[in-house]
Amino acid sequence: MRIICFFLFLFDFATGYAQVSKRLISDLSFMAGTWTQDHQWGWMEEHWSKPVGNCMASSFRCVKDGKVVFYEFMVIEQDSAGPVLKLRHFNPGSIGWEDKNSPIEFVILSVQKNNVVFESRDKTLKMTYTVSPGKELKIVLDEKNKEGIWETTRFNLKYSKN
């Protein structure tokens, strides 16, 4: 009887494990497009390329009073565990914030239709991307401050035919 229970346990475990699907870059195709917003930080534009060659790329700029506030460059690359988002910030003049060999890396916590949640490897940042049926890209940035308290910033970018 023990042997039968053991094999039933193994079968249940194996079928449950097989149902876990690997996340792919193509799961994030809903993010592709050019998105803009007037925000308190300034006018923002974020462009995400379509998934090609196991990657996506994004450029972002924030402009206030006719001057660049900052830029971001992001890539999402497929690795053996799933897509990884790598982000770098830049001041005007293309002066990087992060060390040249150390972009901020995010792994995926969850993916659903038109929604993805990324978490930084050091667990101090979360970014949620959601595309609504009205073609609005909602980004929620959750950031742990120096006191360890979570702060949330929301962005609501509209699809641009640019």
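Less than 14 Å Cβ to Cβ from SER102, Lys/Arg counted +1 and Asp/Glu -1: what total charge do the surrounding residues give?
Details: positive: LYS86, ARG88, LYS100, ARG121; negative: GLU98, ASP99, GLU105, ASP122.
The answer is 0.
Highest GNM mean-square fluctuation, the chain, Cα pairs closer than 10 Å: which of SER110, SER120, SER21?
Largest GNM mean-square fluctuation: SER21.
So what J values fall out for the range 123-129 if you push phi through Karplus, 6.51 cos²θ - 1.76 cosθ + 1.60 with θ = phi - 60°, rounded to Hz, Gly and Pro as x?
Once θ is set to phi - 60°, the couplings for the range 123-129 become 6, 9, 9, 9, 10, 10, 10 Hz.
Which residue fluctuates most in the GNM of the chain (Cα springs below 10 Å): THR128, THR34, THR152?
THR152
Loop only by DSSP, 12 or fewer other Cβ within 10 Å of the Cβ. Give me the trypsin sites (Lys or Arg not before Pro) in the range 42-96 that pass, ordered by residue number. Walk me through the intermediate numbers first.
Working: sites: ARG61, LYS64, LYS67, LYS86, ARG88; in loops: none.
Filter output for the range 42-96: empty list.
Under the rule a/c < 1.5 gives rounded, and otherwise a/b versus b/c splits prolate from oblate, where does the range 45-107 land using the Cα gyration tensor? Let's see the in-between values first.
Details: a/c = 3.29, a/b = 1.68, b/c = 1.96.
Cα axes put the range 45-107 in the oblate bin.
Can you give the relative contact order of the chain as a percent, counting alpha carbon pairs under 8 Å and 6+ residues apart?
16
Among GLY82, PHE30, ILE95, which residue has its Cα furthest toward the positive end of the charge dipole of the chain, with +1 on Lys/Arg Cβ and -1 on Asp/Glu Cβ?
The listed residue farthest towards the positive side: PHE30.
Please check: in the Gaussian network model of the chain (C-alpha springs, under 10 Å), which one of ASP38, ASP142, ASP122 has the largest mean-square fluctuation.
ASP122
Is there a quick way to get the dipole size of the chain? I mean about its Cα centre, with the Cβ of Lys and Arg at +1 and of Asp and Glu at -1; what is the value in debye to the nearest 20? Please list the in-between numbers first.
Numbers: 21 positive and 19 negative charges, 63 e Å.
Dipole magnitude for the chain comes out near 300 debye.
List the residues, sorted by chain then number, that are 5 or more residues from GLY42 or on another chain and whose placed amide H is less than 5 Å from its amide H.
none
Using only DSSP helix segments of four residues or longer, with each worth -39500 (n - 2.57), what per-residue ellipticity at 222 nm results for the chain after dividing by its residue count and rounding to 500? The partial results should precede the final answer.
Working: 1 runs with 17 residues, N = 162.
Value at 222 nm, helices only, nearest 500: -3500 deg cm²/dmol.
Let me know the shape class of the chain, please: from the alpha-carbon gyration tensor, a ≥ b ≥ c as square roots of the eigenvalues, rounded when a/c is under 1.5, otherwise prolate if a/b is greater than b/c, or oblate.
Details: a/c = 2.34, a/b = 1.99, b/c = 1.18.
Prolate shape, in that a/c is at least 1.5 and a/b is the bigger ratio.
Every number here is computed from the coordinates shown, using simple stated rules; none is lab data. Predicted, not measured: the structure shown is a model, and the values here were computed from it. All Cβ positions, glycine included, derive from the backbone under ideal geometry; neighbour counts span all protein chains shown.
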